[in-house]
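The values are calculated or read from the model by the stated rules, or taken from the named source; none is laboratory data. These figures come from a predicted structure and were not determined experimentally. When we count neighbours, we look across all protein chains shown, and the Cβ atoms used for this are built from the backbone with ideal geometry, even at glycine. For accessibility, only protein heavy atoms count, side chains too; no ligands or nucleic acids. Shrake-Rupley method; radii C 1.70, N 1.55, O 1.52, S 1.80 Å.
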Amino acid sequence: MAIHENLLGGPPPTHLPDDPEPRELLAGGTPAADVAAKYPSSSLAWARLADEAYEAGRVVESYAYARTGYHRGLDALRRAGWKGHGPVPWEHEPNRGFLRALHGLARAAGAIGEQEEYERCSTFLRDSSQTAADTLG
């Protein structure tokens, strides 16, 4: 068994448990609202709702959906042992719902002029996963 040492001395990466059903339903074309109703703890479903609302110009609605996904993701991260900081790797697919919701929250906050929230969420995204920040824009 290989032991991987964190040379920077920070917390280990947090990997959320896989919950494939919501992801599979969304990939199969099930409306995000139906997935969120069936799986309300799915950050991915809320992030998808946030994206859809934002793309349709419903920025305040996008903000609300993203905030819901963000908080559901924080709950899941804490249950997975996260202590409030440290890497949440994009490369681990189950983390992507939370990271997408965090990105959506930053994007919507910026769009409504909530600069402090935009900066906080943007920094949080980069600190959690630079790959997610680069991928999501």
Ranked by GNM mean-square fluctuation in the chain (Cα springs under 10 Å), the top entry among 97, 29, 110 is 29
Compactness of the stretch 2-71, expressed as Rg and Dmax over alpha-carbon positions, Å | 15.8, 49
Place a +1 charge on the Cβ of each Lys and Arg in the chain and a -1 charge on the Cβ of each Asp and Glu, then give the dipole magnitude about the Cα centre in debye, rounded to the nearest 20.
-> 260 debye
Give me the percent of the accessible area of the stretch 1-103 that comes from carbon and sulfur atoms, probe 1.4 Å, all protein chains in place.
-> 55 percent
Nearest 10, in degrees from 0 to 90: the angle of helix 43-55 to the longest Cα principal axis of the chain is 40 degrees
Quick shape summary for the stretch 3-137, equivalent ellipsoid via Cα gyration tensor, semi-axes whole Å in descending order, reads 24, 19, 11
